[in-house]
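Have a look at the structure below, then the notes.
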Amino acid sequence: MHFDFDGQFPLAFTRRINKFLPSDIVIYRIFEVAPDAHARFDATHRAYEYHIDFVKNPFGKETRYFYPFAHLPDPVKMQEAASLLLEYEAFFPFCKTNTDAKTMRCDLR
């Protein structure tokens, strides 16, 4: 997230602003960057977590995925399939076209 601010942040600002954000977005810290920095293109790290419920959970519907099928997927095979992504760094097929993106490369860890 990027915003311009000239001044001092109030005490516990990150905790306060997190109260207004959707439950799947969290700000851990705020720090000053160069005036021409871009939150999207100059980021050095992003983290994503995906949760799959195999039992319906009405309290997690905004932040979780529900797998409503009779046969449960094999978690070992799912992990093996996910680990294949670590062999790649270019993800062109997953990208939107006609955007201002500078690169479509990603270092997965």
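The values are calculated or read from the model by the stated rules, or taken from the named source; none is laboratory data. Everything numeric in this text was worked out from a predicted model, so none of it was measured. Neighbour counts run over all protein chains shown; Cβ positions are idealised from the backbone, glycine included.
Only one of Ala39, Ala81, Ala90 is among the hydrophobic types (A, V, I, L, M, F, W, C) and over 19 Å from the mean Cα position of the chain (by Cα). Can you tell me which? The conditions single out Ala81.
When Lys96 is tested against (1) without any contact (Cβ under 8 Å) to a residue 12 or more places away in the chain; (2) among the charged types (D, E, K, R); (3) surrounded by 10 or more Cβ atoms within 10 Å (Cβ to Cβ), just one condition goes unmet, and that condition is (3).
Asp24 fulfils the conditions (1) modelled with pLDDT under 85; (2) surrounded by 10 or more Cβ atoms within 10 Å (Cβ to Cβ); (3) farther than 24 Å from Tyr65 by Cα except for a single criterion, (3).
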